[in-house]
Amino acid sequence: MKRLNLVEVTNLTKDFPLSRGLIEVLSRKRKFMRVLDNVSFSVLKGETLGIVGESGSGKTTLARILLGLIKPNSGKVTFMGEDLFKLRKLNKLEVQAVFQDPDSSLDPMLQVKDIVSEPLLNEKMSKEEVKKSVIEMLNRVGLSEEIMNRYPFELSGGQKQRVAIARALIKKPKFIVLDEPTSALDVSIQAQLLNLLIKLQEEFGLTYLFISHNVNVVNYVSDRVAVIYAGQLVEIGAVDDLINNPLHPYTKLLSACVPHPNPENRITVKDFGEVPSLINPPSGCRFHPRCPYAMEICKKISPKLEKISETHWVACHLFNKR
Amino acid sequence: MQKAHPTVSVDKLEVTYNTIYGQVKALNGVSLSILRGEVYGLVGESGCGKSTLGLSISGLLPTPPARITSGNIFFKDFSINHLSDDDLRKIRGTGIFMIFQSPLNSLNPVFKVGDQVAEAIQVRVQRGNESLNLQEIYNYGPTEKQGFKSAWDVMPKKAKRSPRSWKSDEIMSEVVEVLKSVRISDPERVANSYPHELSGGMRQRIMIAMALSLRPEFLIADEPTSALDVTTQAQILNLMKNLVEQYSTSILFITHDLAVAANVSNRVGVMYAGSLVEEASVYDLFRDPLHPYTTALLKSFPQGNKRTNKLFSIKGEVPDLTSLPLGCPFAPRCDQAKPECYSTKPQLLEVKENHKVACFLYK
Amino acid sequence: MSMFVLIGVTTLTFLISRVVVPNPARAWIGPKPNPDLLKALMKKYHFDEPIYMQYFYYVLGLFTGDWGIDPYSSIPILTEIGMYLPVTIELTVLSLIFSMIIGIPLGVLSATHRGKAWDNLVRLSYLISTSIPIFVVALVILLVLGYWLKIFPTSGQLSLNVARPPTITGLIMVDALLTGNINAFFDNLYHMLLPSLTLALSSFGIITRLVRSSMIEVLEMEYIKTAKVKGLDRNKVFYKHSLRNALIPTVTMLALLTAWFLGGSLFIENIFSLPGMGRYTTQALLMFNIPAIMGTTFLFTLIIVAMNFIADVLYALLDPRITLE
Ligand SMILES: Nc1ncnc2c1ncn2[C@@H]1O[C@H](COP(=O)(O)OP(=O)(O)OP(=O)(O)O)[C@@H](O)[C@H]1O
Ligand SMILES: Nc1ncnc2c1ncn2[C@@H]1O[C@H](COP(=O)(O)OP(=O)(O)OP(=O)(O)O)[C@@H](O)[C@H]1O
Ligand code: SF4
Ligand code: SF4
Ligand SMILES: [Mg+2]
Ligand SMILES: [Mg+2]
């Protein structure tokens, strides 16, 4: 059975201007750094697509583009077949987000009930109806309604994150972008939250884009996983493909660096290489300075995503079948 | 076999913070000891008192609001918790060093990182490049409270050069060497950068470089990798191991990540709400966890995929440290709790060889 | 930003001078004007042209060195300022130095002994210093140190038996140093000590308070813990690692302090009989000498704007995170 593409991203590229010194301003030489480079993938309806990558690899930038918060320099994003940047504002509520830091995403001056009901502001609903749906949503995310009149600073980290999820869900969106939703939380609270997200996904038929640099977490919640390196998509596939059969040398390195709660299975990697600069990125394959298999061609030509199987794609010259 | 002397040991330590909400009992009678060349992993949830323990040992607790209400801290058999800040200075650095939780704020923003590392090297050189001989520094027995000789007084003659001559090329070249050894690819440039010009991972490696420069006998690493991604984390764990191998440093490795603890530790202690609830060798702890809290933590660690593995989540929440329950602090969340668990606090007892647990299920 | 301040101030001074004295030429000439002379004067100084052109000439004058003429002495304002300014510069710079010498260590002492006796003493002292009016401080100091104990001279710039060094910059201390006249240097310093100390005593509280609060903040920072745990000695932790960070906000006070000192010089220079801008301004005020008043106002604005700029530069020098735009 072929599933529908809910979101489609094609050839997305995003440059950020570098902060400029006096000399560059005067000489009018603006420097840019390419944070996302020609990224294409799609998110299937009802699935969780995990995105992993090092810090600074462009994960949050990707999330902000998908939420329509910033515009890409080139490339296209479609949501249910429509161009995301032409969607009317109301329809944008079909896409919601939960961010890493609940402290900065929740307005500290508002009570929980006002935070959660914020997306309903434009709806013609009576106060009673709003209150009812807020209570229902809070219960759904495992919070009691007593907390309605509290302010964010009176809540624990896990509670705050639940409030953020309740706000994201109250308009029954189709697509939720989760950017490091559990990175600030302890394992036990993280477990509660992951279970909650999985349960809500089944209940509401939600589609998730789950971003994290914690590979264990991404592997746990995702159906498919995409690996980003320095702004380039290097591998994407079903989660089993990526766990059992990582192909791209960077994915291999990443997997080998993941710690397991088992002292008999320790990390043995000795060679890590340096994180690349985005200002002067390596030519060709951006991973080549760190890659043990690098060839001459890797320095010159940037590899394209190649299909390995129905579910598995990789961008590396080692798998170029020409 | 004769029992080895621990580098650091903590004996029934109690620390409280005075806050407007009441007395926060951050440490509630914690005892542990860490041997030479050993990595002791301390795991536990946020707010259970891990950093408080680290700060107590390094003598950096903010007082007020914090206060050590009882207990003792020993560094190589010498009690150090009553020492003045000036006296502590003499054992900090080459004796005890600490890497703090947030790499973003642990370097001084107005000095070049190279100079900050150079300071660490200077401290070591000033103290004669040798590991501290406490017997010489302390002119008293372990329990007396008396005056101190300074490190300067007991330093070998050859090290007593004027401070000027240390800030030579020698030190700068050692800075570059040590930055290389923490795998910074462009050490000259990085040495000349200010902290805000470096990423979190780089800054944390600078902190490790300081540790490598000081060659401390005891290192407290407070969540040194929590803010970093997996490759950088793996790299830093590797560097920690080098420190142990090269200089027999003992490390108290604080983390809330069980997997990280499994990777670096020789021994692991599990903390809950200000108490140590289980302690064992890393293999025993992960193979055969005894305390219900430890088992629950392990079961809530995400492994595999949601289709094959159900994540366990501990019900309820961490207790309020201002009003701890009378008995076992874990009792309100424990599914095996017995009546006595609510009335008496279980003591940390050795129930198997080198495996201690504080729970009434094991007697 | 500073451009706007300058435009605002020139407009204001221009308007005030025209409102108070609609036709300055007439005021200069006296009660029985000679009509031809009046006309000639009005033409020379463009008083016959429309008001916006007058403003234009006024601003043009300000920036080309023509600040008008003192009607009483018939000397150009700028020349007069050139004679009076050096003393005030000396006074202000010395006061700045003294208020820092007093203010910064007290702030550090207070922060490092937070809540203890030293801290309370310092806080009391700066409370007193900022609440007693400056002329009271001046008179008390003058009375005690000058007249009773007779350790310090009570007026003037130099002792009678010390010759004034040849004028190079106008600043006696600098000129004395340039000509190798150490004697005059110390004599001048000796004379300036009481007035500048008075200014410093009535203002060090501003610095102390700021240093204390930013030092307390800095001492809680993680990097101070790092410095301590490295085993650095007390002085390095407090004076190298903490102080530099704590001083960054203090730099922003530079312009404010300068303004404070310029205001204070009105009292101080009169009390200590120093021929500086403060004396010049008071005389101009008493004699309703509008061009002189406007000239000093513009000058003081220029100085404050310049100090703001210097503060910005210092800020960027102290804090590598800031770059000058
Ligand atoms: N608004 C912006 N202006 C300029 N540069 C930016 C901006 N936002 C992000 N960047 C830069 O773009 C790069 C990618 O940032 P992004 O936040 O997308 O990374 P990330 O993968 O989410 O990293 P992390 O895991 O640390 O959150 C970084 O180098 C960042 O400094
Ligand atoms: N300066 C302080 N004032 C008041 N209470 C404090 C202070 N520092 C810590 N606490 C409290 O003491 C308890 C223990 O804090 P500590 O920082 O040691 O926890 P932790 O285990 O290191 O947590 P985390 O994993 O979040 O770093 C917490 O409940 C905290 O709220
Ligand atoms: S393309 Fe070349 S350099 Fe890049 S990952 Fe593949 S083999 Fe390595
Ligand atoms: S002592 Fe009782 S409550 Fe505490 S962990 Fe053991 S069984 Fe559970
Ligand atoms: Mg991000
Ligand atoms: Mg902590």
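What to note about this one:
- Residue list for region A:131-162, restricted to those being farther than 17 Å from A:Q100 by Cβ, in contact (Cβ under 8 Å) with a residue 40 or more places away in the chain and buried (at least 18 other Cβ atoms within 10 Å of the Cβ): A:R140, A:V141
- Just one of (1) in contact (Cβ under 8 Å) with a residue 12 or more places away in the chain; (2) out of contact with any helix residue (DSSP H, G or I) (no Cβ under 6 Å at 6 or more places or on another chain) fails for B:V270. It is (2).
- One residue stands out among those in region B:76-90 that are in a loop (DSSP other than H, G, I, E, B) and more than 8 Å from chain C (Cβ to nearest Cβ): the one that is farthest from C:F238 (Cα to Cα), which is B:D77.
- Scanning region B:309-363 for residues that are under 30 Å from A:K199 (Cβ atoms) and polar (S, T, N, Q) returns B:N309, B:S313, B:Q336.
- Qualifying residues in region A:306-322 (those that are open to solvent by 60 Å² or more (accessible area, probe 1.4 Å) and closer than 21 Å to A:D241 by Cα) - the one farthest from ligand 2 (Cβ to nearest atom): A:K321
- Counting only residues that are near ligand 2 (Cβ under 9 Å from one of its atoms), among the charged types (D, E, K, R) and surrounded by fewer than 23 Cβ atoms within 10 Å (Cβ to Cβ), region B:32-54 holds 1 of them.
- Considering (1) free of Cβ contacts under 8 Å to residues at least 24 places away in the same chain; (2) in contact with a strand residue (DSSP E or B) (Cβ under 9 Å, 6 or more places away or on another chain); (3) farther than 24 Å from A:V187 by Cβ, the lone condition that B:P346 does not fulfil carries the number (3).
- Scanning region B:292-326 for residues that are open to solvent by less than 40 Å² (accessible area, probe 1.4 Å) and more than 10 Å from chain A (Cβ to nearest Cβ) gives B:P292, B:T294, B:P319, B:L321.
- When residues in region B:351-363 are screened for being surrounded by 12 or more Cβ atoms within 10 Å (Cβ to Cβ) and of a type outside the set (A, V, I, L, M, F, W, C), 4 of them pass.
- Odd one out for B:L61, checked against (1) under 28 Å from C:I248 (Cα atoms); (2) more than 10 Å from chain C (Cβ to nearest Cβ); (3) touching a residue at least 60 places away in the same chain (Cβ under 8 Å): (3)
- Of everything listed in (1) away from ligand 3 (no atom under 15 Å from the Cβ); (2) in contact with an Asp or Glu (Cβ under 6 Å, 6 or more places away or on another chain), the single unmet condition for A:F319 is (1).
- Selected residue (criterion: nearest to ligand 4 (Cβ to nearest atom)) from residues of region B:55-70 that are open to solvent by less than 30 Å² (accessible area, probe 1.4 Å) and not in a loop (DSSP other than H, G, I, E, B): B:S56
- Restricting region B:222-244 to residues that are of a type outside the set (A, V, I, L, M, F, W, C), part of a helix (DSSP H, G or I) and more than 16 Å from ligand 3 (Cβ to nearest atom), the residue that is nearest to the chain's Cα centre (by Cα) is B:K241.
- Region C:116-167 - residue that is of a type in the set (D, E, K, R) and open to solvent by 80 Å² or more (accessible area, probe 1.4 Å) and, of those, nearest to B:T63 (Cα to Cα): C:K116
- Residue in region A:198-218 that is more than 11 Å from chain B (Cβ to nearest Cβ), in contact with an Asp or Glu (Cβ under 8 Å, 6 or more places away or on another chain) and within 16 Å of ligand 1 (Cβ to nearest atom) present: yes
- Wholly within region C:237-325, helices (runs of 4 or more DSSP H) carrying at least 2 residues that are aromatic (F, W, Y) and either within 13 Å of another protein chain (Cβ to nearest Cβ) or over 11 Å from the mean Cα position of the chain (by Cα) (or both): C:290-318
- Taking the criterion of being assigned to a helix (DSSP H, G or I), more than 10 Å from chain C (Cβ to nearest Cβ) and free of Cβ contacts under 8 Å to residues at least 24 places away in the same chain, the only residue of region B:196-221 that qualifies is B:M202.
- Residue tally, condition modelled with pLDDT under 85 and either more than 7 Å from chain B (Cβ to nearest Cβ) or within 15 Å of the chain's Cα centre (by Cα) (or both), over region C:221-236: 2
- Tabulated pairs, region A:222-238, first closer than 10 Å to A:S57 by Cα, second assigned to a strand (DSSP E or B) and among the basic types (K, R), C-beta under 7 angstrom, 6+ apart or interchain: A:G231/A:R34
- Selection within region B:273-291: residues that are surrounded by 24 or more Cβ atoms within 10 Å (Cβ to Cβ) and either under 22 Å from the mean Cα position of the chain (by Cα) or at pLDDT 95 or above (or both). The member of this set that is farthest from B:L348 (Cα to Cα) is B:L285.
- Residue, most open to solvent (accessible area, probe 1.4 Å), within region A:278-291, restricted to residues that are more than 16 Å from ligand 5 (Cβ to nearest atom) and within 14 Å of chain B (Cβ to nearest Cβ): A:N280
The values are calculated or read from the model by the stated rules, or taken from the named source; none is laboratory data. None of the values given here were measured: they were computed from a predicted structure. Every residue, glycine among them, receives a Cβ derived from its backbone with ideal geometry; neighbour counts consider all protein chains shown. Side chains are part of the model used for accessible areas, which takes the heavy atoms of the whole protein and leaves out ligands, DNA and RNA. Shrake-Rupley method; radii C 1.70, N 1.55, O 1.52, S 1.80 Å.
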